[in-house]
Structures are given as structure tokens and as C-alpha cells.
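Please treat every number below as a calculation from the coordinates, not as lab data. Predicted model, so just to flag it, every value in this text is computed and none were measured. Methodologically, a virtual Cβ is constructed for each residue, glycine included, from the backbone with ideal geometry; neighbour enumeration extends over all protein chains shown.
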Amino acid sequence: MILLTLALMLLASALTCLIFAINNGFLFGISKNANKAAGRELTALLEKIEDVYIGEYDSGEVSAEAMRAVVNALGDRWSFYMTPEEYAEYMDSSNNQFAGIGVGVIIDEETGGMKVMYTYRGSPADIAGIIAGDVIVGIDEKSLTGMSIEEMRGLLARPIGESADISVIHVNGSVETLRVVYDMVFTDPISFEMLENSVGYIRIDNFEGGAADGFISAVDQLLAQGAVALVFDVRSNGGGRVGEMTRMLDYLLPEGEIFISIDKSGKEDITMSDSAMIDIPAVVLVNGYSFSAAEYFAATLREYGYAKVVGEQTTGKSRSQRTEPLPGGGALHISTAQYLTKNRVALYDAGGITPDYLIVLSDDEFAMFVSGNLGLSDDPQLQLALTVLNQKE
């Protein structure tokens, strides 16, 4: 999986977390290879605190934060712990439905806030006017500066029907505080239409549950309508499930390797495409928010000589994650493998994908694109893709 959900709790002191986690059965100081002496030291520390500590605490919250602190200590930005409530929301989001405001975020290094990578169409955030590229810098008058991503998400987490006053720096530099009402967000990751000159256009918002079925249906319908070329738009696509992506690649490509995963022991697991394919000229549109499965999809199509890539440099990511349910109802989302393209390229090491045809949207064009207001005829990246297809013909 590639994008994280917006429902994590505030991060407590790591020391306190570890102490009370032991009291609740989570002795993180001891694992198969851990030093037993460290475990005894932590146990002794816990006993001392139980004897003399005067304060009150929520053992459930502290236990959750203990597990979160341990995973954070791995130093892997893609791995995280989820409480039972967060896990339920995560599972909903991976099926293209979830409760919340409908954005995917990363930490913005310049402001310390949350940079919006994408906003789901029709979501509360979309309705309020938050778009990809905006930076959330405050929630209910609390500044996000200096907070971890978990603390930020903790401030955002609240039940359906409640609201939050979210302060944002828009892509154009203006600052605004928006009232956002939480709701259930349902998303359709695939949209498509036939353009002029019988070019089929398919927008892929993510690679979560149902994306492959929708994609295959879209290709079939466009071909039935007489499409002679295809444009796959994965701009501002945060990624998703490997299985959904490989089904799409398998549908398009001839027989060969389409996904290479290497586990901790160095063992390779290779996903193959069958011999059936869709033999038609194609272009993939990408930008700086084409993330994980989105950039892998584009890279693989290019390596097969199936499609040219048009747009902007992508992010670069080459680790895949697995979600492991835990006995208490929560889950561990953890990096378990490195993935490589057919040509054995790790996209993180390569710095992402450099398009065959580099073209950058202006700030105004980008703002209009992510808000759904950039007409196809006014979209320079799409128009360049169409020009490339005409050249190939």
C-alpha cells in the first residue's frame, strides 16, 4: 500500500510508551534477537514506576503509542502501526471508501505542515476547496509546525458529522481557514472518455480495490467505440495494491515479467504477464504526485516499449508493504520487500521517472487540474500526449 490514512493518535513519550506497553503485554525490548538484559532493565523500570508514579494514565492509549513508537524507531517512512479503529478505516480506504475528509498527505518540509498529495472528487475536502498542492498548516487554530505526521493525523481524526476548521496555504500562496464537515467518502478510481481522433482517455485515481476491473472495462469500452490509441493519466495518483496494478499491466502487455519483488532474504518473487495483450499506441501522463504503483505502472509500460511517458518527474519509491493484523485488533503496516522494474530498476534509487517528454504545469494550471476545472483542451500535458500519439501514427 502506498498512502496512509488520516486517523492516527497523538504520539506520547517513547519512554512512557515502552514502560506501559510492557504492562499490557507488549514487551518490545525482547524479540527473537533482542538482548534479554535490556528486557530485564525495562521490567525493573516498570516496577519502580508502578511503585512510585503519582500520575494517572490511559493504559490503552499508552499501549497503542508504545507500538507506534517502536515502528517509528525503524526509521522507515512507509511502515506504521494502526489501532483497531485506524485499521478499520484503513481497510475501508483500501476498498475506495472511508470516513474522513478525503485527502492524502505527506509532511511539507518547507512549512512543517501537511502537503496534500491528492483530494478525492466529491469529498468533504474537495467541497471545502482543498486541492492537491495545498498545505494544511493548522487545525482548529492549532499550528502543525514541529508535529509528527501521526500527531497531525491525530488532530484530524474525528467522527462523521463533526467538523474542523482547517487552515491551508493554497497553491497560489493565499491563506485561508476552511470549515470541513466529516463524512463517508466513496470513490470511483477510474473515469474515461473518447477524445478527438478516436483517442481513448483513461484517468486512474488510484490502484486500490476495484481499480483493475474498472480499468479493464474502460479499455474494452473505448476499443468497442473505435479507439485507435490510449492515454493513461496517473497524475496525482497515490498508488495502491500491487495486485490491482499487475492485473492492469497483464491485460495490456505481452508475455514477460511485470513485477519483481525481493524479500528480506534476497529471494525474488516474479509476477508474469500472459501472452494476450492490447496492441495499441499509448502514452502515460505523470507528475510529481504520481506515487509508487502509479510510477511503477508508467515505468513498466515504457520499459516494454508500450508507451511513452509525458509530464513531470515522479517521486521515486521502491519498497512494498504488507499489512499484518495483530491479536488486539490493530495492525502493522510494514515494508517487507523491495520492488524492481522489468529492467531491474529501483525507482527510489533512480529518483523516480524522468518523462520522455518533460512538461510542467503552471501553478494556476495545476490548481485547476486537481480541482477538476482544467479543460482537456487547456491541459498542456494532455495536449502534448496527443501530439506524441499523432507522431507515432
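On the basis of the beta-carbon distance and an R0 of 35 Å, Ala73 and Asp263 show a calculated FRET efficiency of 0.95.
Please arrange Asp233, Asp269 by counting, for each residue, the other beta carbons lying within 10 Å of its beta carbon, fewest first.
Arranged by neighbour count, lowest to highest, Asp233, Asp269 become Asp269, Asp233.
Each Lys or Arg adds one and each Asp or Glu takes one away; over the other residues whose Cβ falls under 15 Å from the Cβ of Ser167, this sums to -3. When the pairs Lys115/Lys142; Lys264/Lys308; Lys308/Lys342; Lys264/Lys317 are compared against a 24 Å limit on Cα-Cα distance, Lys264/Lys308 fall above it. Run through the DSSP bridge list for the range 190-392 and note the antiparallel percent, rounded to the nearest 5. About 60 percent, rounded to the nearest 5.
Just to verify a number: FRET efficiency for Glu109 and Gln383, C-beta to C-beta distance, R0 = 30 Å, to 0.05? Please report the intermediate quantities before stating the final value.
Values: r = 32 Å, r/R0 = 1.07.
Rounded to the nearest 0.05, the efficiency is 0.40.
Could you give the length gained on full extension between Glu141 and Ile160, defined as 0.36 nm per residue of separation minus the Cα-Cα distance, in nm? Don't skip to the end; give the middle numbers.
Details: separation 19, 0.36 × 19 = 6.84 nm, distance 2.04 nm.
Roughly 4.8 nm would be gained on extension.
Across the range 295-325, the residues whose backbone nitrogen lies under 20 Å from the label position 7 Å along the beta-carbon direction of Thr354 are 295-318.
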